[in-house]
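Below is one structure, written out as structure tokens; the observations come after it.
The values are calculated or read from the model by the stated rules, or taken from the named source; none is laboratory data. In this text the structure is predicted, and so the values were computed from the model without any measurement. Glycine gets a Cβ as well: all are built from the backbone with ideal geometry, and neighbour counts include every protein chain shown. Each accessible area value is taken on the protein alone, full model and side chains, heavy atoms only, with ligands, DNA and RNA left out. Shrake-Rupley method; radii C 1.70, N 1.55, O 1.52, S 1.80 Å.
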Amino acid sequence: MLIFAAGVMVLVAGFRAAMDPGRGVPEATAQLLELGVPADTLLVLARVADVAMTAVTFGAYFFLASVIRDGRNWARVCCAALVAAALFFGVMNHAEQHVAAALIAGTGLALSFLPGTARYFARARVRTVGS
């Protein structure tokens with residue numbers, strides 16, 4: 001549930017950031033501005049890209065939370081990589097909401113590595129191999 005909650009938090013923060021009326025044109029588009037591309041067009045493209053990335057990130061959190069719930073060990077490893085990437089990019093971009101979401105997901109992930117929970121994942125592996 002914590003991993004899914006982190007995904008919802010990323011979804012809300014991403015949509016709020018994309019739809020921020022005070023948002024300016026991204027710095028990375030300076031060359032396009034020099035070429036005469038209208039700033040409004042660049043802002044719309046940046047918002048669409050933000051919404052797309054937010055949806056993909058939410059989908060990754062939701063998928064991994066679902067598969068971890070089913071007892072798949074590989075999903076814990078993939079979720080660890082997702083949490084590490086979210087922490088890295090959240091800190092680099094000074095995005096407090098994304099860092100908080102990554103810490104919440106990391107807490108849920110850490111709980112999946114506790115000894116009692118590890119037995120659940122071992123049973124799932126035995127069911128899969130023995131089937």
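Here the sum of -39500 (n - 2.57) over DSSP H runs of 4 or more residues, divided by the residues of the chain, equals -27500 deg cm²/dmol at 222 nm, to the nearest 500.
Along the range 35-49 the Karplus relation, 6.51 cos²θ - 1.76 cosθ + 1.60 evaluated at θ = phi - 60°, assigns HN-Hα couplings of 7, x, 6, x, 4, 4, 5, 5, 5, 5, 5, 5, 5, 5, 5 Hz to successive residues, with x for each Gly and Pro.
Per-residue SASA remark: residue 64, around 20 Å² accessible (1.4 Å probe; ligands, DNA and RNA not included).
P(r) tail for the chain, what percent of Cα pairs lie past 26 Å? Roughly 36 percent, rounded to a whole number. Accessible surface for the range 13-111, divided over its residues, is 62 Å² per residue with a 1.4 Å probe. Expressed as a whole percent, the accessible area of the range 1-41 that falls on carbon and sulfur atoms is 65 (1.4 Å probe). For residue 48, the accessible surface of its heavy atoms amounts to roughly 90 Å² (probe 1.4 Å, protein chains only, rounded to the nearest 10). The alpha carbon convex hull volume per residue for the range 27-68 rounds to 57 Å³. Within the shell of other residues whose beta carbon sits under 14 angstrom from the beta carbon of residue 24, the net charge comes to -2, with Lys and Arg scored +1 and Asp and Glu -1.
Scattering from the range 39-100 was approximated by placing one identical point on each alpha carbon and applying the Debye formula without solvent; log10 I(q)/I(0) at 0.12, 0.20, 0.22 1/Å stands at -0.39, -0.85, -0.94.
Rounded to the nearest 10 square angstrom, residue 56 shows an accessible area of 100 square angstrom against a 1.4 Å probe. Derived scalar couplings between HN and Hα for the range 69-83 equal 4, 7, x, 8, 5, 4, 5, 5, 5, 5, 5, 4, 5, 5, 5 Hz in order, rounded to whole Hz, by the Karplus curve 6.51 cos²θ - 1.76 cosθ + 1.60 (θ = phi - 60°), x for Gly and Pro. Of the residues 53, 19, 92, the one that moves most in a GNM of the chain with alpha-carbon contacts below 10 Å is 92.
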